[in-house]
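What follows is a set of notes on a single structure, which appears directly below.
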Amino acid sequence: MRVVIAGGGNVGTFIAEDLAKAGHSVTIVEVDGDRVAAAIQSGEPVGVTWVAADACEVSEFAQSGVAQADVMAAVTGDDEDNLVISLLAKQEFAVPRVVARVNNPKNEWMFNEMWGVDVSVSTPHLLTALVEEAVSVGSLVRLLSFEGGRARLSEATLGEDSPSAGKDIASLDLPRDSSVVAIIRESHVIVPRGDTVLRVGDEVLVLTTPEAERAVVTTLLG
């Protein structure tokens, strides 16, 4: 897979290193020429190509080979830049999948398909969700959103009064636009099947649409 990352800071470099180790072709686009020169001289991360260019400018962005990318990740420290880069990647270079970093949670509402963003990642919101996930029993905690919010990955920890406890998944009246994708039980991950019986204390990961979310809550938690 060919990946172009806009932003050569700590986040972009870390992502690039992981992807390169996994065997993907990775290019980092960084506007700071000195940073690019230093990275090339050090040879870090190994196997990553660096391009000194402004990804907010079409002609410069094109130098990175973004037109041939399978995925483009805009991970600079500036939300405005990430939006512009995402829009260019989608509209000018037709990148199939665009992932964008949200620095200020208040800006998350803008990171949608209108700006070319397929998946947005807000670190503060994700940390909040993980904290809630660790302490919340009997409530649905939203972890991630996909496709501009049209799909959501949420987690529900079943309490003593959960109507789904003791039932197998096939017998649950879950809406068609939802699916139980994993169950975490006593620190073990269970890949669910129709005959998998839910227990009190299970952490149930559900992929759902916004419209089906309320019905999922009622079915799993009451």
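Please find the FRET efficiency linking Q91 to L144, where r is the Cβ-Cβ separation and R0 is fixed at 25 Å, and quote it to the nearest 0.05. Efficiency for this residue pair is about 0.50.
Taking amide H positions as modeled 1.01 Å from N, with prolines and chain starts lacking one, the residues under 5 Å from R97 and 5 or more places away or on another chain are M72.
Pull out a ≥ b ≥ c, the square roots of the eigenvalues of the alpha-carbon gyration tensor of the chain, then state rounded if a/c is under 1.5, prolate if not and a/b is larger than b/c, and oblate in the remaining case. Please report the intermediate quantities before stating the final value.
On the way: a/c = 2.65, a/b = 2.24, b/c = 1.18.
Prolate, since a/c reaches 1.5 and a/b exceeds b/c.
Count Lys and Arg as plus one, Asp and Glu as minus one, and take only other residues whose Cβ is under 15 Å from that of D79; the net charge is then -2.
Take peptides 99-109, 160-170 and line them up by average Cβ neighbours within 10 Å, highest first, as a rough protection proxy.
Working: 99-109: 17.6, 160-170: 15.5.
With the highest mean Cβ count within 10 Å placed first, the list reads 99-109, 160-170.
The simple spin-label model puts a point 7 Å past each Cα toward its Cβ; for N107 and A151 those points are separated by 2.6 nm. GNM on the chain, alpha-carbon springs under 10 angstrom: the most fluctuating residue among S86, S42, S64 is S42.
A short reminder: the numbers here are calculations on the coordinates, not readings from a lab. What you see is a predicted model; the values in this text were computed from it and never measured. So basically every Cβ, Gly included, is an ideal-geometry build from the backbone, and we count neighbours across all protein chains shown.
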